[in-house]
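Note sheet for the following structure.
The values are calculated or read from the model by the stated rules, or taken from the named source; none is laboratory data. These figures come from a predicted structure and were not determined experimentally. Cβ placement follows ideal geometry from the backbone for every residue including glycine, while neighbour counts extend to all protein chains displayed.
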């Protein structure tokens, strides 16, 4: 599945036909995903830090990222960086995405508990991704047998000789075989992680993430759905050229007035230009046509708050919380409810935000949107003893 947009279109059509925001089975395709990044002694710094940056930056909290090691004992990366793993393989939450960085991966492979955990996770999760010599961990478990895969150019001969069943590829930044993505060395892990974000969240989120990172080496490729004109318009939006984006996307919307993806981009471009009312109307049209992607709902909810349409914002953020479920979704819902004086509802949403990982008490105590909530005696108990920073 090289491009996410065909899947998005099919999903939107299915949702429109069903007349609901979720499938009959209750699927939540935009739900927040757990990303477990394995660390071990002599792990390569950029191998894990590159994908970690991508997943923590992507989609405004779309991924919960954490480190896992065979034990919780500190590990030393490249002899200079001490890392204290957040979890061990015995107590780690179940990851949807597993990242296996390179370095001295043979050390990790000698851990029976670590290898057993990887085997179990890789058999159940959404996808696993290796960086550099992290491919050897997958290969030792037989998970690359009969599959094309890649690794650091310097490790290619060893991978070929040690694991002849692996179809080793060279001259590529990553190889995607569906549930397993392998990447070449070091910086290629960034490309692989951005590709995964593109698969799961779409061209818009992936390109915006690369732009935020100032990683100009990456951009989405043209495809049947991301044609040259569509890519030109998306480029203007990502690089915040509001005038050009509105011009190009207005023309695209005239050609396909019921395309929710085009309308979402146009609405966000209008907001970029400062046309808040126009942008809200366009985004509402996209949502009415079935676009419940977080990138659309977040932009709409924020703009509704800006316009003081607090009841509408409450509905939008409530839907966003159902679709994705991040700490910021619940917090924004609390703000929309607090603006309306709905103290009980706002306290419940703020409590939910804390349960999901929001702990920025200083923000909540200074946010004007929560003024009515702070006057309630129950507010003091929402955060308990958690006075740290927000975990998104």
Residue 234 being farther than 23 Å from residue 335 by Cβ and not in a helix (DSSP H, G or I): no
field: Subset of segment 274-304 (residues that are more than 20 Å from residue 63 (Cβ to Cβ), touching a helix residue (DSSP H, G or I) at 6+ places or on another chain (Cβ under 6 Å) and either assigned by TED's automatic domain parsing to the domain that holds residue 240 or outside any helix (DSSP H, G or I) (or both))
entry: 276, 278, 279, 280, 282, 283, 285, 286, 289, 290, 291
Which numbered condition residue 204 fails, given (1) over 17 Å from residue 47 (Cβ atoms); (2) surrounded by 23 or more Cβ atoms within 10 Å (Cβ to Cβ); (3) touching a strand residue (DSSP E or B) at 6+ places or on another chain (Cβ under 6 Å): (3)
- prompt: Of all the residues that make up segment 159-171, how many are touching a helix residue (DSSP H, G or I) at 6+ places or on another chain (Cβ under 9 Å) and surrounded by fewer than 14 Cβ atoms within 10 Å (Cβ to Cβ)?
  reply: 4
field: segment 310-335: number of residues that are part of a loop (DSSP other than H, G, I, E, B) and surrounded by 20 or more Cβ atoms within 10 Å (Cβ to Cβ)
entry: 2
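Check 209, 183, 177 and return the single one that is touching a strand residue (DSSP E or B) at 6+ places or on another chain (Cβ under 7 Å) and buried (at least 23 other Cβ atoms within 10 Å of the Cβ).
Details: 209 fails: touching a strand residue (DSSP E or B) at 6+ places or on another chain (Cβ under 7 Å); 177 fails: buried (at least 23 other Cβ atoms within 10 Å of the Cβ).
After ruling out the rest, the residue left standing is 183.
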